[in-house]
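Please treat every number below as a calculation from the coordinates, not as lab data. What you see is a predicted model; the values in this text were computed from it and never measured. Cβ coordinates were reconstructed from backbone atoms using ideal geometry, including for glycine residues, and neighbour counts include every protein chain displayed.
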Amino acid sequence: MNTDEGVTTYRSKPAVFTGVALLAAGLWLVVDSLVRADGKASVTVVGAVVAVGAVVVALTLRAAVFAGPEMLRIRNPFRTIEIPWGAVQEVRAEYSLEVRADDRKFHIWSIPVSLRERKRAMRMNSRSAAESPYGSRHHEIAQAALADHAVADFRGMAEQMGKESTGPVKVAWSWEILAPLAAGIVLAAIGAAL
């Protein structure tokens, strides 16, 4: 989670790390194939790496949520969803983080719901409440899983800014991911056909 100019960004740090590592491996494959392989194999490898690289970027680096004063912007792998706070009907985290708006349900890919993280937070809260001399009612610093923390943030923002921020929900395809994916598939198919 990162806050900049009134906009809080939520994304998975392990996913970003994994994406960078996979892209570095793909770059190494491209360089190796250009140095060692013939033209046909190089075209196939470059096409495959571009296609797989587009999917890796979509699933790891692109996925993020931006909670600003006017709207919740969800950047999923292949779509971007902009939801004004006034359109938010419900936010919940069960098996995945979901936002319901305009009678539609949108899943958030960038904030994983971890049952293990929830159980750990509950254990820490129970332990620190038991150790507190005032009991659990006076326990001020509660631990929460990232998804549960995000749900609380989004609900609070929707309640606080919902009246000022209205408008329709906008959904757009992520052509910056879909175009390289299609180009990579075409290039790999051309290389395989040579």
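Annotation for Ala41 and Glu159: the two label points, set 7 Å from Cα along the Cα-Cβ direction, are 6.2 nm apart.
The string of couplings for segment 52-65 from the Karplus curve (6.51, -1.76, 1.60, θ = phi - 60°) is 5, x, 5, 5, 4, 4, 4, 7, 10, 7, 6, 4, 7, 10 Hz, one whole number per residue in order, with x for Gly and Pro. Here the scattering of segment 4-53 is modelled by Debye summation over its C-alpha atoms, one equal scatterer each and no solvent; at q = 0.16 Å⁻¹ the log10 of I(q)/I(0) is -0.55.
Amide H to amide H distances under 5 Å link Ala101 with Gln89, Phe106, where only residues 5 or more positions off or on other chains count and H is placed in the peptide plane. Applying 1/(1 + (r/R0)^6) with r as the Cβ-Cβ distance of Gln89 and Leu29 and R0 = 35 angstrom yields a FRET efficiency of 0.15. Excluding same-chain neighbours fewer than eight residues apart, the lysines reachable from Lys105 by a Cα-Cα span under 22 Å are Lys163, Lys170. Derived scalar couplings between HN and Hα for segment 163-174 equal 6, 8, 10, 10, x, x, 7, 10, 10, 9, 6, 9 Hz in order, rounded to whole Hz, by the Karplus curve 6.51 cos²θ - 1.76 cosθ + 1.60 (θ = phi - 60°), x for Gly and Pro. If you take all other residues with their beta carbon under 15 Å from the beta carbon of Val57, and give Lys and Arg +1 and Asp and Glu -1, the sum is +3.
Sort 69-78, 95-104 by packing, meaning the average of other beta carbons within 10 Å per residue, with the highest value first.
Values: 69-78: 19.4, 95-104: 15.7.
Ranking the peptides 69-78, 95-104 by packing returns 69-78, 95-104.
Taking the inverse of the mean 1/r over every pair of distinct Cα atoms in segment 32-81 gives a Kirkwood hydrodynamic radius of 13.0 Å. When only alpha carbons are used to place a centre, segment 149-189 and segment 63-109 end up 7 Å from one another.
Per-residue Karplus couplings for segment 97-105, computed as 6.51 cos²θ - 1.76 cosθ + 1.60 with θ equal to phi - 60°, are listed in order as 7, 10, 10, 9, 8, 6, 6, 10, 10 Hz, Gly and Pro entered as x.
Counted residue by residue at 0.36 nm each, then reduced by the alpha carbon distance between them, the extension gain from Ile190 to Arg104 reaches 27.0 nm. Straight Cα distances below 30 angstrom link Lys40 to none of the lysines, with same-chain residues fewer than 8 positions distant left out.
Can you tell me the FRET efficiency between Leu115 and Ala152 if r is taken as the Cβ-Cβ distance and R0 is 22 Å, rounded to the nearest 0.05?
On the way: r = 18 Å, r/R0 = 0.80.
Between Leu115 and Ala152 the formula returns 0.80.
Matching the structure-derived semi-axes √(5λ) of the Cα gyration tensor in Å against the labelled list (1) 33, 18, 14; (2) 41, 23, 12; (3) 23, 19, 17 gives the label (2). Taking the Cα atoms only, what angle lies between the long axis of helix 175-193 and the longest principal axis of the chain, rounded to 10 degrees? Between helix and principal axis, roughly 30 degrees. The modelled label-to-label distance for the pair Ala172/Ala21, using points 7 Å beyond Cα in the direction of Cβ, is 3.3 nm. The helix-based estimate of mean residue ellipticity at 222 nm for the chain, built from -39,500 (n - 2.57) per DSSP H run of four or more residues and divided by its residue count, is -16500 deg cm²/dmol to the nearest 500.
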